[in-house]
Structures are given as structure tokens and as C-alpha cells.
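In what follows, a structure is listed as C-alpha cells, so that the remarks can point back to it.
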Amino acid sequence: MKFNFQSFLFKIFSFVFLSVSLFQTDIQVAKADFSVLKPCKESPAFKKRLATSVKKLENRVKLYTPESNEAKFLLKEIDSTKVRFERYGNSNLLCGKEGLPRIIATGQWDHANEFVIPGILFLYITGWIGWVGRKYVRYASTTENAFENEIIINVPVAFAIMNSGFLWPIEAWKEFTTGDLLASDDDITVSPR
Amino acid sequence: MNDFLKYLSTAPVLMTLWLSITSGFIFFINFVYPDPLTFPSF
């Protein structure tokens, strides 16, 4: 049987429909105002955390002579703590009551750099890795001794494939529309039933 | 020399080398730009 595009789309649609209707009984629009959260810059608890963190490090510095490596390290640590708090304070992050920054994962655009952009980047990079791995395995299966090519990697070919993977979403879509991306049902072994 | 290259190309050796490079790269990024919590917006 050839790959059936329509039945595949139907399967995806019914999967999404079922999972939404089964597990999401009350869909609400995500609250966009976050009245419980405050910008970290204005949060008193956030400022207090900075003060206590620095204080703790300063108390530790006192244990060492100023020229010692330990003291130098701790002074550097104090600087980086201040930089970190300043950066979090300036970066549109919202803090909870306890003064810790929260990542807003609702997908709204003004907080995209907290979850959406890193998430897409993650999917892109993992997709790249998976795509070139698949491409290499497929290349190996066309060679004379396929098993050996999977154990002893043909490095020049593998490098060329790795570097060519940056357009993987387009390539994957192309293969999907031509039916090359997914194996047909006949090629999938199924246990007797 | 050829045998040595073949040894370096075996999957476990290559993976060790490659993941060492990758982890070194991540160390480097975290050294240059420590404590990232959000994607930097310039």
C-alpha cells in the first residue's frame, strides 16, 4: 500500500481532537496580565535576594587574606552576582512574591525570549541532529557494506551531511510531500494478531 | 596511519571526540555569557 496522505492527516486531526477533548476540559485564554507577578526590577524580594547573596559572599571574603586566590575568586563571584541580578532586572522578567524570576511560557510575544525562542531553537537544533543522522544512515544503507559504514563512520561524508543539515525543515517538508519521509504501512513489521 | 584513522572513525571514539568538542563549546559559551535565563535580546 502506498503512503496515504489523507488518512495520515485524518489520524493527526483525530489525535489532536481527542487529546484536547479528553485532557483539556476547560480551555481558557491564558491570563496575560500576571497580577501576582511583578517586574523583577520593582520587586523588593528580588532586591533583598541580591543583598543577601552579596552579603554572604562578603562574609566569606573576610575569612581570607586579601591577596589570596580564594579572596580574589570570591570578589569575582560578587561582581558576577551583581551583573546577574542587574541583567535579570533589566530583562523584562517577572518575579514571584519570593523574588525569584519566572519564565512565562504562554507563548505571548512580549515574553518570547523566555520560552518561545529558546524552544524553537531547541527544536531546530535537535531536528538538525536527527535529520543528518537519518541522512547518514540512509546513505550507509546504499553502500556496499552498510553495517560497517554505521560502525566505522565515513568521516568526510558524515561531515558533508552534517553541514548540509541547516535547511532541514524545508528538506523534511519536501520529503513529506513526495512521500519519502514516512515508510509505507507495508514496510512496518507488525506482530501477528 | 590508515589503521589509526580507521580507529578514530569508529563510532565510540568519534562520539567521544565529538561530544568533548560539544561540551567544550558549551563551557566556552557559559564562560563568555554566564547565567543565561532568557534568550538575549539586543
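Here are the numbers for this structure:
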read-out	value
Selection count where residues are under 28 Å from the mean Cα position of the chain (by Cα) and not aromatic (Phe, Trp, Tyr), scope segment A:128-149	8
Residue pairs meeting the criteria (Cβ under 7 Å; at least 6 apart or on separate chains; first more than 14 Å from A:ARG84 (Cβ to Cβ), in segment A:44-62; second at pLDDT below 95 and open to solvent by 100 Å² or more (accessible area, probe 1.4 Å))	A:ALA45/A:LYS97
Qualifying residues in segment A:141-156 (those that are within 11 Å of chain B (Cβ to nearest Cβ) and β-branched (Val, Ile, Thr)) - the one farthest from B:THR10 (Cα to Cα)	A:VAL155
Residues that are assigned to a helix (DSSP H, G or I) and either facing another protein chain (nearest Cβ under 10 Å) or over 18 Å from B:PRO40 (Cα atoms) (or both), drawn from segment A:76-112	A:LYS76, A:GLU77, A:ILE78, A:ASP79, A:SER80, A:THR81, A:VAL83, A:ARG84, A:PHE85, A:ARG87, A:TYR88, A:HIS111
B:THR10 being more than 12 Å from chain A (Cβ to nearest Cβ) and hydroxyl-bearing (Ser, Thr, Tyr)	no
Residues being open to solvent by less than 80 Å² (accessible area, probe 1.4 Å) and of a type in the set (Phe, Trp, Tyr) - total across segment A:42-98	3
Residues of segment A:150-180 classified as touching a residue at least 12 places away in the same chain (Cβ under 8 Å), of a type outside the set (Ser, Thr, Tyr), assigned to a helix (DSSP H, G or I) and open to solvent by less than 80 Å² (accessible area, probe 1.4 Å), total	9
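The values are calculated or read from the model by the stated rules, or taken from the named source; none is laboratory data. Since the model is a prediction, treat every value here as computed from it, not as a measurement. Glycine also receives a Cβ, built like all others from the backbone with ideal geometry; neighbour counts cover every protein chain displayed. Protein only, heavy atoms only, side chains kept; ligands, DNA and RNA dropped before computing areas. Shrake-Rupley method; radii C 1.70, N 1.55, O 1.52, S 1.80 Å.
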